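Colleague: Below are the structure tokens for one structure; questions will follow.
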Amino acid sequence: MPTPRVRFAPSPTGYLHVGGARTALFNWLYARQTGGTFVLRIEDTDKERSTDAHTQVILDGMTWLGLDWDEGPLFQGAYADRHRADAERLLAEGKAYKDYLTAEELERWREHAKANGTAFRYDRRLMGLPAEEVARREAAGAPYAIRFAMPDEEISWIDAVHGRISWQGRDLDDLIILRSDGSAIYNLAVVSDDIAMEITHVIRGDDHVSNTPKQIALYRALGHEPPVFAHVPMILGTDGKKLSKRHGATAVGDYQDQGILPDAMRNFLALLGWSPGNDDEIVTLDEMIRRFSLEAIQSKAAVFDPAKLEWMNGQYLSMMPAAELRAPVVRQLERLGASWGDRDLDPIIDAVKARARTVTMVAEQVAIRLPGAEIPLDVKGEALIAKMGERFAPCLAIARDAVAAVPEAEWTAEALEAAMRDAATREELKLGDVMQPVRVALTGGTVSEPVNELLVVVGREESLRRMG
Ligand code: GLU
């Protein structure tokens with residue numbers, strides 16, 4: 001078998017959708033596993049909707065996810081001459097024909113079908129113009145499209161995901177392959193490019209299944225064996241409906257902005273339709289590459305559960321060293337307008353990352369621990385103050401006096417723990433009554449790293465100031 005060559009072929013008509021990113025990832029994994037080549041082809045033939053800005057967003061999204069391509073980006077628009085030549089070759093070989101029907105004439109057929117309550121389907125026997133009319137239009141130099149004469153035979157393939165899929169050529173339209181303005185339509189352009197780029201495996205979304213028999217017919221007509229096809233399942237929202245903006249963010253860039261880590265996003269996307277063969281949810285990149293296979297992709301639809309993505313992101317946050325999180329955290333801190341002078345952020349990141357689910361949450365918690373930060377009370381902080389009532393202020397004062405007795409040079413987690421324990425014993429208070437008010441004073445809430453560690457992270461001067 002030749003070394004695999006796969007491609008991701010997005011149309012730059014919008015942002016990088018999570019479904020597209022998952023398709024890119026599966027292609028990339030397959031290439032990396034097999035030592036094959038991953039080609040990036042930008043399908044920019046829809047001139048009206050394609051923009052350079054969209055192309056850039058797609059490239060940025062892939063780079064963020066670590067999906068490096070080996071060839072490209074190649075732009076489909078650059079191959080218009082080849083597309084046209086392929087269409088003309090099919091015409092010359094009698095596998096395609098000139099279609100002189102005008103848009104109005106076609107429209108009339110469409111209306112005719114509608115009036116008869118049937119689905120519109122182009123049929124060359126029914127709609128073809130009489131020979132003399134064709135000759136007349138040809139002599140007059142009338143514009144024509146080139147239509148592919150769909151062979152009347154069975155067209156089937158063994159899909160790597162779905163198994164055998166079969167169509168009858170007579171159920172398929174004679175599709176236009178070249179418009180009268182000389183531009184190729186998608187099905188021809190894609191086949192022409194995949195042949196020229198020697199693509200061996202086409203891994204793409206399920207929504208293309210109905211294009212595949214047409215493309216296979218074109219491959220054969222052009223004298224090439226079709227590649228292996230693997231159609232990956234569609235992605236649904238948790239309500240079982242096709243994933244759309246109604247379900248929340250569907251752009252990869254939005255998840256980046258929300259503080260999802262690329263490693264977590266990649267892991268999450270990989271499990272949308274693929275499984276490593278066991279119940280493992282956290283799959284390292286190396287493992288993913290090693291265990292990936294087209295056969296292990298499920299044929300049933302995958303469900304995009306944002307709560308699971310957040311959970312997974314939390315797992316990655318816990319595992320990743322602070323030094324690796326610093327850059328994304330700094331980006332979010334800048335967005336929050338925080339300033340940290342020459343403070344070493346790593347210990348603060350280390351203190352908070354295990355309790356966060358997004359980089360944004362890490363940054364918010366880091367910001368709260370920086371000198372001079374605003375500390376808004378959260379609902380849990382308010383609830384604690386309400387519950388302790390009149391005891392809150394004296395308990396906080398006891399804690400403050402206890403830690404204030406620890407000098408700067410001895411301001412360590414151990415010394416602070418001992419100081420608070422001693423105070424609780426001496427005052428006959430539960431340890432929580434001493435520590436929880438400190439948490440509220442320092443963070444505005446009741447959930448944080450252990451209080452003694454929190455005091456170290458915030459620092460002596462700032463902690464005492466916050467405790468009033
Ligand atoms: N450009 C097509 C799309 O974005 C993909 C074509 C293909 O993968 O065959 O849907």
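Colleague: Of all residues in segment 331-348, which are under 20 Å from Tyr255 (Cα atoms), surrounded by 17 or more Cβ atoms within 10 Å (Cβ to Cβ) and not polar (S, T, N, Q)?
Modeller: Leu333
Colleague: Do you know which residues across segment 248-257 are modelled with pLDDT of 90 or more and touching a helix residue (DSSP H, G or I) at 6+ places or on another chain (Cβ under 9 Å)?
Modeller: Thr250, Ala251, Val252, Gly253, Tyr255, Gln256, Asp257
Each row is one residue, and each column tells you yes or no for (1) touching a residue at least 12 places away in the same chain (Cβ under 8 Å); (2) surrounded by fewer than 17 Cβ atoms within 10 Å (Cβ to Cβ); (3) away from the ligand (no atom under 16 Å from the Cβ); (4) not in a strand (DSSP E or B).
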position	(1), (2), (3), (4)
Ala142	yes, yes, yes, yes
Asp174	yes, no, yes, yes
Val190	yes, no, no, yes
Asp193	yes, no, no, yes
Gly223	no, yes, yes, yes
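Colleague: Another question, then. Pick out the one residue from Ala397, Ala363 that is over 49 Å from the mean Cα position of the chain (by Cα) and either aliphatic (A, V, I, L, M) or within 30 Å of Pro306 (Cα to Cα) (or both).
Modeller: Ala397 is the lone residue from the list that is over 49 Å from the mean Cα position of the chain (by Cα) and either aliphatic (A, V, I, L, M) or within 30 Å of Pro306 (Cα to Cα) (or both).
Colleague: In addition: Here is a check on your reading of the model: is Ser210 modelled with pLDDT of 95 or more and either more than 16 Å from the ligand (Cβ to nearest atom) or surrounded by fewer than 18 Cβ atoms within 10 Å (Cβ to Cβ) (or both)?
Modeller: yes
Colleague: Also: Which members of segment 401-433 meet the condition of being within 46 Å of the chain's Cα centre (by Cα), of a type outside the set (Asp, Glu) and under 17 Å from Met467 (Cα atoms)?
Modeller: Listed by number, the residues that qualify are Trp411, Leu416, Gly432.
Colleague: Filter segment 1-46 down to the residues that are farther than 20 Å from Ser244 by Cα, among the aromatic types (Phe, Trp, Tyr) and within 13 Å of the ligand (Cβ to nearest atom), then identify the one that is nearest to the chain's Cα centre (by Cα).
Modeller: Per the stated criteria, the residue is Phe26.
Colleague: For the structure I just gave you, tell me whether Gly182 is over 30 Å from Pro2 (Cα atoms), in contact with a helix residue (DSSP H, G or I) (Cβ under 7 Å, 6 or more places away or on another chain) and either away from the ligand (no atom under 16 Å from the Cβ) or modelled with pLDDT of 95 or more (or both).
Modeller: yes
Colleague: From the list Ile282, Ile260, Ile203, exactly one residue is surrounded by 19 or more Cβ atoms within 10 Å (Cβ to Cβ), more than 16 Å from the ligand (Cβ to nearest atom), outside any helix (DSSP H, G or I) and in contact (Cβ under 8 Å) with a residue 24 or more places away in the chain. Which is it?
Modeller: Ile260
Colleague: Still on this model: Does segment 48-61 contain at least one residue that is touching a residue at least 40 places away in the same chain (Cβ under 8 Å), within 15 Å of the chain's Cα centre (by Cα), more than 13 Å from the ligand (Cβ to nearest atom) and farther than 21 Å from Pro306 by Cβ?
Modeller: Checked segment 48-61: at least one residue is touching a residue at least 40 places away in the same chain (Cβ under 8 Å), within 15 Å of the chain's Cα centre (by Cα), more than 13 Å from the ligand (Cβ to nearest atom) and farther than 21 Å from Pro306 by Cβ.
For every residue, the table says whether it meets (1) modelled with pLDDT of 90 or more; (2) of a type in the set (Ser, Thr, Tyr); (3) touching a Phe, Trp or Tyr at 6+ places or on another chain (Cβ under 8 Å).
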| residue | (1), (2), (3) |
| --- | --- |
| Ser50 | yes, yes, no |
| Thr55 | yes, yes, no |
| Gly66 | yes, no, no |
| Ala92 | yes, no, no |
| Ala96 | yes, no, yes |
| Trp109 | no, no, yes |
| Asn116 | no, no, no |
| Gly141 | yes, no, no |
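Colleague: Among (1) among the charged types (D, E, K, R); (2) more than 15 Å from the chain's Cα centre (by Cα); (3) away from the ligand (no atom under 13 Å from the Cβ), which single condition is Asp68 missing?
Modeller: Of (1) among the charged types (D, E, K, R); (2) more than 15 Å from the chain's Cα centre (by Cα); (3) away from the ligand (no atom under 13 Å from the Cβ), only one is false for Asp68: (2).
Colleague: I've got another one for you. Could you check Arg326 against (1) at pLDDT 95 or above; (2) of a type in the set (Lys, Arg); (3) under 24 Å from Arg439 (Cα atoms) and say which number it fails?
Modeller: Exception for Arg326: condition (3).
Colleague: Assess whether Asp81 counts as being within 24 Å of the chain's Cα centre (by Cα), at pLDDT 95 or above, farther than 28 Å from Ala270 by Cβ and not aromatic (Phe, Trp, Tyr).
Modeller: So Asp81 fails the test.
Colleague: If a residue counts only when it is surrounded by fewer than 19 Cβ atoms within 10 Å (Cβ to Cβ), which strands (runs of 3 or more DSSP E) contained entirely in segment 1-115 have at least 3 such residues?
Modeller: 71-75
Colleague: Can you report the number of residues in segment 225-257 which are within 13 Å of the chain's Cα centre (by Cα) and not in a loop (DSSP other than H, G, I, E, B)?
Modeller: Of the residues in that region, 8 qualify.
Colleague: While we're looking at this one, here's another question. Could you list all residues from segment 54-68 that are among the small types (Gly, Ala, Ser) and more than 9 Å from Val252 (Cα to Cα)?
Modeller: Answer for segment 54-68, where residues must be among the small types (Gly, Ala, Ser) and more than 9 Å from Val252 (Cα to Cα): just Gly66.
The values are calculated or read from the model by the stated rules, or taken from the named source; none is laboratory data. Given the structure is predicted, the values throughout are model-derived calculations rather than measurements. Please note: Cβ atoms are built from the backbone with ideal geometry, for glycine as well, and neighbour counts cover all protein chains shown.
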